[in-house]
Amino acid sequence: MVYNIIMKNNQINNVFTPDEIKDIRASIEHELATRETVEWDDAVDSNWHEKPIIRIKKNNLGRLDVNEVSLPSYIVNKVVKIARDNCQIDNEVERLISVTYAEYNLKYGQPKLEVHKDNDPVRSDGKPAGGAGVVMTYQLESNISWQVGNNKDLYTIPDNGILMLYPRRDYHWRTIRDWKEGEFVKVLFFEMLTPDLPPTQEDKEFEHEVRDFREHLGRNNENR
């Protein structure tokens with residue numbers, strides 16, 4: 001299968017075949033049916049857990065999270081190949097280290113994603129959990145358009161499309177919008193291990209520029 005690549009921040013469309021999507025959905029449905037559901041606040045409970053649970057993040061992200069989703073090996077191999085073929089940073093993509101399913105929906109709180117860079121999560125024992133220099137956001141299904149911001153660039157991910165992000169290098173976020181009942185965005189986050197990645201460097205002046213850019217978009221957004 002040939003997927004379509006838009007060379008800017010590596011937006012890749014038409015990623016999986018119908019049969020592959022069917023297998024991905026089956027894996028997600030299995031996790032949703034077999035895990036305990038817990039209301040979770042990163043500020044209180046930390047952003048790392050080692051139990052197979054479903055996290056409802058009402059206080060900060062307005063989404064449901066399922067970490068460590070197990071996918072068929074042929075899907076994993078395809079994802080790793082896409083990452084290696086299209087990575088735009090110097091660090092080598094070694095392997096896929098995490099798959100997270102997320103659904104943004106008002107029933108899980110107010111969906112939002114503020115301007116930020118990622119840092120390595122910390123485990124319950126205080127040790128670094130390891131991080132990803134490349135994160136591919138795959139949109140499984142949505143009934144709205146909710147743009148992703150990367151620094152001051154905007155991207156619209158279609159269903160069955162991937163946007164490659166470099167979350168320790170770039171500021172990333174989602175646009176401000178007023179959500180309505182029944183609206184949803186369902187995604188998978190594919191986190192790729194990139195060894196020898198330098199520490200995250202914050203640029204507060206540029207971060208404020210990006211925040212102002214996002215706020216200006218929000219004030220003029222037809223969905224407000």
- Item | Test for residue 79: is it under 30 Å from residue 206 (Cα atoms), surrounded by 20 or more Cβ atoms within 10 Å (Cβ to Cβ), modelled with pLDDT of 90 or more and of a type outside the set (Asp, Glu) | no
Checked the range 91-106 for anything of a type in the set (D, E, K, R) and either touching a Leu at 6+ places or on another chain (Cβ under 6 Å) or without any contact (Cβ under 8 Å) to a residue 40 or more places away in the chain (or both); matches are 94, 95, 103
For the range 35-76, the count of residues that are of a type outside the set (Phe, Trp, Tyr), at pLDDT 80 or above and assigned to a helix (DSSP H, G or I) equals 3
So, first residue of a type in the set (A, V, I, L, M, F, W, C) in the range 78-90, second residue modelled with pLDDT of 90 or more, Cβ within less than 6 Å, six or more apart or across chains; the pairs are 79/96; 79/190; 80/96; 83/134; 83/192; 87/134; 89/166
Here the residues within the range 130-159 that are buried (at least 17 other Cβ atoms within 10 Å of the Cβ) and more than 19 Å from residue 87 (Cα to Cα) are 140, 142, 146
Log entry, pairs with first residue in the range 117-140 being more than 30 Å from residue 158 (Cβ to Cβ), second being assigned to a strand (DSSP E or B) and at pLDDT 80 or above, beta carbons closer than 8 Å, six or more apart or on different chains, reads 130/97; 130/193
Within the range 2-34, the residues that are in contact with a helix residue (DSSP H, G or I) (Cβ under 9 Å, 6 or more places away or on another chain), at pLDDT below 95 and either aliphatic (A, V, I, L, M) or surrounded by fewer than 12 Cβ atoms within 10 Å (Cβ to Cβ) (or both) are 5, 7, 12
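Before we move on, is residue 210 crowded, with 18+ Cβ neighbours inside 10 Å, within 22 Å of residue 75 (Cβ to Cβ) and aliphatic (A, V, I, L, M)?
Here the answer is no, as residue 210 does not meet what is asked.
The values are calculated or read from the model by the stated rules, or taken from the named source; none is laboratory data. Only a predicted model underlies this, so the values are computations on that prediction, with no experimental measurement involved. Note: ideal-geometry Cβ built from the backbone for every residue, glycine included; neighbour counts use all protein chains shown.
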